[in-house]
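Colleague: Have a look at this one.
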Amino acid sequence: MTHPATSPDPAADQKIDTTVPHSARIWNYWLGGKDNYAVDEQAGDAYTAVFPGIVTIARSSRGFLRRNITYLVAEAGIRQFLDIGTGLPTADNTHEVAQRIAPEARIVYVDNDPMVLAHARVLLYSTPEGATAYVDADVLDPDRILAAAAGTLDFTKPIALILSNILGHVADYDQARSIVSRLMDALPSGSYLSVNDGSLGTDPDFEAAQEGYNKSGAIPYTLRTVDQITAYFDGLELVEPGVVSVPHWRPDPEAPAAEAVAEHGGLARKP
């Protein structure tokens, strides 16, 4: 049995701009969801016309997240999660994967998109033993995120920080690294960092499609090299197999072998 933790802001629906494409809604469209508008479908179709492989990347990213969470709960013993850049709810959200294995798991989602906020009532369903909360905040304000998350998470115990396809929205790379460092500095030893982002220098069609998307009026997304993505984990202990194309991170043994995609990610433990 599940129950809602809090209610979303009912005014959020009134702040949604349906004239400009938004990455969370486009991602939802690529994943087969219905929480998007015509402008998002048009932007998504324009992207896939140049690079059809983005749909595979979107689904591979979701699989990577699911396998990360499964490892963290079942093998690393993590029971607390801070998921920043949540996006719109779809199948196998962080709390669903974690609480299936450990009903007592506690999850804080963070996003600043009004449509995500309007759908928070879906995200905020938790097992009675655990907790699920939502913070309306921007990744550019890590101090606010940490202060709000402390209402649900115990910062004296390990926490897994999830940054899935969000750091690309921080245009300045040094700032992105600084944000990661600030967040990880606040977490105790034994905590984990999970990062995955679109990778630069791996597929020219992907890069062309992303350039077109960034000119569409949507919030730009900056692709990063594999070395840059790997550097987010500096000072941490990478879990095998390290930073790899997301389908190759601990793939399901019974699943067919998947080709590499232009998105890389990894998981690492704070000593």
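The values are calculated or read from the model by the stated rules, or taken from the named source; none is laboratory data. Just so you know, these numbers come straight off a predicted model, no measurement behind them. Cβ atoms come from the backbone with ideal geometry, glycine included; neighbour counts cover every protein chain shown.
Colleague: Inside region 22-49, can you point out the residues that are part of a helix (DSSP H, G or I) and surrounded by fewer than 17 Cβ atoms within 10 Å (Cβ to Cβ)? Walk me through it before giving the result.
Modeller: Of all residues in region 22-49, those part of a helix (DSSP H, G or I) come to 23-30, 38-49.
Result: 38, 41, 42, 45, 46, 48, 49.
Colleague: Inspect region 165-180 for any residue being part of a loop (DSSP other than H, G, I, E, B), of a type in the set (Phe, Trp, Tyr) and surrounded by fewer than 21 Cβ atoms within 10 Å (Cβ to Cβ) and give the result as yes or no. Break it down into steps so the answer makes sense when it comes.
Modeller: Step one: filter region 165-180 for residues part of a loop (DSSP other than H, G, I, E, B), giving 165-166, 170-172.
Going one step further and asking which of them are of a type in the set (Phe, Trp, Tyr), we end up with none.
No, region 165-180 contains no residue that is part of a loop (DSSP other than H, G, I, E, B), of a type in the set (Phe, Trp, Tyr) and surrounded by fewer than 21 Cβ atoms within 10 Å (Cβ to Cβ).
Yes or no, residue by residue, for (1) among the charged types (D, E, K, R); (2) closer than 24 Å to residue 193 by Cβ; (3) crowded, with 16+ Cβ neighbours inside 10 Å:
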site	(1), (2), (3)
207	yes, no, yes
211	yes, no, no
222	no, yes, yes
228	no, yes, yes
237	yes, yes, no
241	no, yes, no
245	no, yes, yes
248	no, yes, yes
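Colleague: Hey, can you tell me all the residues within region 88-108 that are surrounded by 24 or more Cβ atoms within 10 Å (Cβ to Cβ), over 18 Å from residue 71 (Cβ atoms) and modelled with pLDDT under 95?
Modeller: Once the filter is applied, which keeps residues that are surrounded by 24 or more Cβ atoms within 10 Å (Cβ to Cβ), over 18 Å from residue 71 (Cβ atoms) and modelled with pLDDT under 95, region 88-108 yields only 88.
Colleague: Do we find a residue being among the acidic types (Asp, Glu) and either within 17 Å of residue 196 (Cβ to Cβ) or part of a strand (DSSP E or B) (or both) anywhere in region 10-21? Write out each step before concluding.
Modeller: Start the filter on region 10-21 by keeping residues that are among the acidic types (Asp, Glu), which leaves 13, 17.
Imposing the further condition that a residue be either within 17 Å of residue 196 (Cβ to Cβ) or part of a strand (DSSP E or B) (or both) reduces the set to none.
Within region 10-21, not a single residue is among the acidic types (Asp, Glu) and either within 17 Å of residue 196 (Cβ to Cβ) or part of a strand (DSSP E or B) (or both).
Colleague: Related question: Looking for whichever is buried (at least 22 other Cβ atoms within 10 Å of the Cβ), over 15 Å from the mean Cα position of the chain (by Cα) and within 16 Å of residue 98 (Cα to Cα) here; the options are 78, 69. Which one fits? Spell out the reasoning first.
Modeller: Values: 69 fails: over 15 Å from the mean Cα position of the chain (by Cα).
From the options 78, 69, the qualifying one is 78.
Colleague: Do the conditions hold for residue 203, that is, is it among the acidic types (Asp, Glu) and surrounded by 14 or more Cβ atoms within 10 Å (Cβ to Cβ)?
Modeller: On the way: among the acidic types (Asp, Glu): yes; surrounded by 14 or more Cβ atoms within 10 Å (Cβ to Cβ): yes.
Answer is yes for this residue.
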